[in-house]
Number of protein chains: 2
Amino acid sequence: MTGLADDVLAGRPRAVARAISLVENAGAGLRELIAELGTRQPYRAKVVGLTGSPGVGKSTSTGTLIEAARKRGEKVGVLAVDPSSPFTGGALLGDRVRMQEHATDSGVFIRSMATRGHLGGLAWAVPQAIRVLDAAGYDLILVETVGVGQAEVDVASLADSTIVLLAPGMGDGVQAAKAGILEIADVFVVNKADREGAQATIRELRNMVALSTASWRPPIVPTVAVRGEGVADVVAALDAHATYLAESGQGRKRRLARARDEIEVIVLAELRARIGGRVHGLERLEVMAARVLAGEVDPYTAADQVIASL
Amino acid sequence: MTGLADDVLAGRPRAVARAISLVENAGAGLRELIAELGTRQPYRAKVVGLTGSPGVGKSTSTGTLIEAARKRGEKVGVLAVDPSSPFTGGALLGDRVRMQEHATDSGVFIRSMATRGHLGGLAWAVPQAIRVLDAAGYDLILVETVGVGQAEVDVASLADSTIVLLAPGMGDGVQAAKAGILEIADVFVVNKADREGAQATIRELRNMVALSTASWRPPIVPTVAVRGEGVADVVAALDAHATYLAESGQGRKRRLARARDEIEVIVLAELRARIGGRVHGLERLEVMAARVLAGEVDPYTAADQVIASL
């Protein structure tokens, strides 16, 4: 496996792809790989999360951000995560015309990841995939997710900066989003800003942001991603946020939190595997489940006994 | 706390409400309450999950199912869960006109639950809330969720039978759903069946179901919930599925799996609390996170040390 770690560190795209597959499948040698990468070049890359409902233009926007970063000479890794698809085993990349332009650019690595449900899914796999891309020398890592559910919150906690993408006329866009986006957004992008309703969406966001008492007020950037309009403003907003992170100490705080989550999810997966393990040939949980079903013990007492047997 | 358990077992609505709040907040005395309820009357009620995208008519359909069950003399408990709203701390009940009709019926208990993110969220709270309603003598427990993401899969694993609600003209309805709904649906309901496109939706579902090799082929039931049309067919489909569950042994299997999940999530919450605990005045995970961030140890080694210190 040392070979693979060396190849990843040398930035070889095929090795990177293989390493991320290893993460996805929790394959043999993963632990050794991450261990080797983990102590060599940790947390160097800038991680940007990008989330929004289907149809707001996430892929196109990602494409424009790739372009902008490439112009600055940065290598870009993209993880497209579909948390709403726990079954298929393959996330939908959707319509990625703009992103396909970069398919032959060795400075760009694009990968879709599915959450398999095992081992904590997204929360388990994405930090390790980021670690792989980081070690491989990608300067900017874009993590793209759909919607604003728990998975997106998890992704936001992984990122240095999180962009929440909206578009006018998405119906429940801002309204449904209110519940969560203010908490996770570092930058709001209102895409399709040439469409009717864009000003209303921007106004609504402004009112929302105005109520925030946080030290960083997320800027609201209008874009027309298909024509590349406003992209420079998004990049500037990200740069401003990066400066804020560095100067306020929030950047280190976020990375500490990321490291904390990364460890915790590995700990929980390991403990989960142990819980599921066998004692005297019987699966611990199965045995207790039958007793709970029969009303012999309550679930808390059953849980105690499982923990005691670990 | 014995008082509360007794009142729940006597089916007093205010006690039921208080007990579910205790579950939501993981309040003091919860463990004792569940322990008392857990060994007295476990897994008696029929649990039906109901899931679908916003706008397909979930609340109205839930209302019609309540009505139908009340006509059979069954007591009905409803848990409306909004997994997409991890922040608000209060799930949106939405437009529940039909359900409000039952607000004064003592045989109906309606409650919205939010997933707080803590302790495993939905997966932690809902089984215990079901247990409370079960102990309180509700014959039918409807668990309503939005969308088809991981949370819905979790709910499906809690339910004896899961209804997936669709409506024509929801755009990506069936297509987006393909990824997951076949795996969780025991009954498909195509609501708003008087609208254009209903036949196409039904045809698409039929083609999907035809490919299934499972021993239970989910029936596809058209309804117009606002007019009560097709509700009897939904009830018949649920009854047929209940018979299948009983005769095939799948019913017991599902309840065993539910008990297993119920225990596991309590175990993991407890272990998580211990992981987050302090050793010599320092938070275990914080200390390791700083070392991982510095590249001194890799996350797996950090995880091992956390586990060893438990």
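Determine which single condition residue B:228 fails, assuming it passes every other condition in (1) open to solvent by 30 Å² or more (accessible area, probe 1.4 Å); (2) at negative phi.
The single condition residue B:228 does not satisfy is (2).
Looking at this structure, is residue B:233 in a helix (DSSP H, G or I) and either within 14 Å of chain A (Cβ to nearest Cβ) or more than 24 Å from residue B:130 (Cα to Cα) (or both)?
Here the answer is yes, as residue B:233 does meet what is asked.
Of all residues in segment A:30-63, count the ones that are more than 14 Å from residue B:301 (Cα to Cα) and of a type outside the set (Lys, Arg).
Adding up the residues that qualify gives 20.
Specify which of the listed residues (A:254, A:258) is open to solvent by less than 30 Å² (accessible area, probe 1.4 Å), out of contact with any His (no Cβ under 7 Å at 6 or more places or on another chain) and among the basic types (Lys, Arg).
Checking each option against the conditions leaves just A:258.
Quick one: in segment B:164-204, of everything that is assigned to a loop (DSSP other than H, G, I, E, B), under 16 Å from residue B:51 (Cα atoms) and in contact with a strand residue (DSSP E or B) (Cβ under 6 Å, 6 or more places away or on another chain), which residue is modelled with the lowest pLDDT?
Step by step, filter segment B:164-204, then rank; the result is B:185.
Regarding residue B:259, is this residue farther than 30 Å from residue A:301 by Cβ and not in a loop (DSSP other than H, G, I, E, B)?
no
Return yes when residue B:140 is touching a Ser or Thr at 6+ places or on another chain (Cβ under 6 Å) and either modelled with pLDDT of 90 or more or open to solvent by 10 Å² or more (accessible area, probe 1.4 Å) (or both) and no when it is not.
no
Take the conditions within 14 Å of another protein chain (Cβ to nearest Cβ), open to solvent by less than 20 Å² (accessible area, probe 1.4 Å) and not in a loop (DSSP other than H, G, I, E, B) and apply them to residue B:303. Does it pass?
Yes; evaluated as a whole, the condition is true for this residue.
Take segment A:179-200 and flag every residue that is more than 21 Å from residue A:241 (Cβ to Cβ) and buried (at least 19 other Cβ atoms within 10 Å of the Cβ).
A:179, A:192, A:198
For residue B:21, only one of the following conditions fails: (1) more than 9 Å from chain A (Cβ to nearest Cβ); (2) open to solvent by 20 Å² or more (accessible area, probe 1.4 Å); (3) over 21 Å from residue B:228 (Cβ atoms); (4) touching a helix residue (DSSP H, G or I) at 6+ places or on another chain (Cβ under 7 Å). What is its number?
(4)
Applying the selection to segment B:28-71, what residues are of a type outside the set (Val, Ile, Thr), open to solvent by 10 Å² or more (accessible area, probe 1.4 Å), within 14 Å of another protein chain (Cβ to nearest Cβ) and outside any helix (DSSP H, G or I)?
B:28, B:29, B:40, B:41, B:42, B:43, B:44, B:53, B:54, B:55 - these are the residues of segment B:28-71 that are of a type outside the set (Val, Ile, Thr), open to solvent by 10 Å² or more (accessible area, probe 1.4 Å), within 14 Å of another protein chain (Cβ to nearest Cβ) and outside any helix (DSSP H, G or I).
Would you tally the residues in segment B:1-11 being free of Cβ contacts under 8 Å to residues at least 12 places away in the same chain and surrounded by 15 or more Cβ atoms within 10 Å (Cβ to Cβ)?
1
I'm trying to understand the selection: among the residues of segment A:5-15, which are assigned to a helix (DSSP H, G or I) and either out of contact with any helix residue (DSSP H, G or I) (no Cβ under 6 Å at 6 or more places or on another chain) or closer than 19 Å to residue B:304 by Cα (or both)?
If the condition is that a residue be assigned to a helix (DSSP H, G or I) and either out of contact with any helix residue (DSSP H, G or I) (no Cβ under 6 Å at 6 or more places or on another chain) or closer than 19 Å to residue B:304 by Cα (or both), then A:6, A:13, A:14 are the ones that fit.
Here are some residues: A:234, A:297. Which one is at pLDDT 95 or above and open to solvent by less than 20 Å² (accessible area, probe 1.4 Å)?
Among A:234, A:297, only A:234 is at pLDDT 95 or above and open to solvent by less than 20 Å² (accessible area, probe 1.4 Å).
Here are some residues: B:47, B:56, B:108, B:78. Which one is in contact with a His (Cβ under 6 Å, 6 or more places away or on another chain), at pLDDT 85 or above and within 30 Å of residue B:168 (Cβ to Cβ)?
Matching residue, one of B:47, B:56, B:108, B:78: B:108.
For segment B:282-300, which residues satisfy the criterion of being within 13 Å of residue A:267 (Cβ to Cβ) and either touching a Phe, Trp or Tyr at 6+ places or on another chain (Cβ under 7 Å) or facing chain A (nearest Cβ under 7 Å) (or both)?
Hits for segment B:282-300 are B:285, B:288, B:289, B:292, B:299, B:300.
Might you check whether a residue that is without any contact (Cβ under 8 Å) to a residue 12 or more places away in the chain and among the hydrophobic types (A, V, I, L, M, F, W, C) occurs anywhere in segment A:251-263?
yes
Somewhere in segment B:190-213, is a residue in contact (Cβ under 8 Å) with a residue 40 or more places away in the chain and within 26 Å of residue B:146 (Cβ to Cβ)?
Yes; the residues of segment B:190-213 include at least one that is in contact (Cβ under 8 Å) with a residue 40 or more places away in the chain and within 26 Å of residue B:146 (Cβ to Cβ).
The values are calculated or read from the model by the stated rules, or taken from the named source; none is laboratory data. On a predicted model such as this, the values are computed, not experimentally measured, just so you know. Here Cβ is always computed from backbone atoms with ideal geometry, including for glycine, and neighbour counts include all displayed protein chains. With ligands, DNA and RNA removed, areas are computed over all heavy atoms of the protein, side chains included. Shrake-Rupley method; radii C 1.70, N 1.55, O 1.52, S 1.80 Å.
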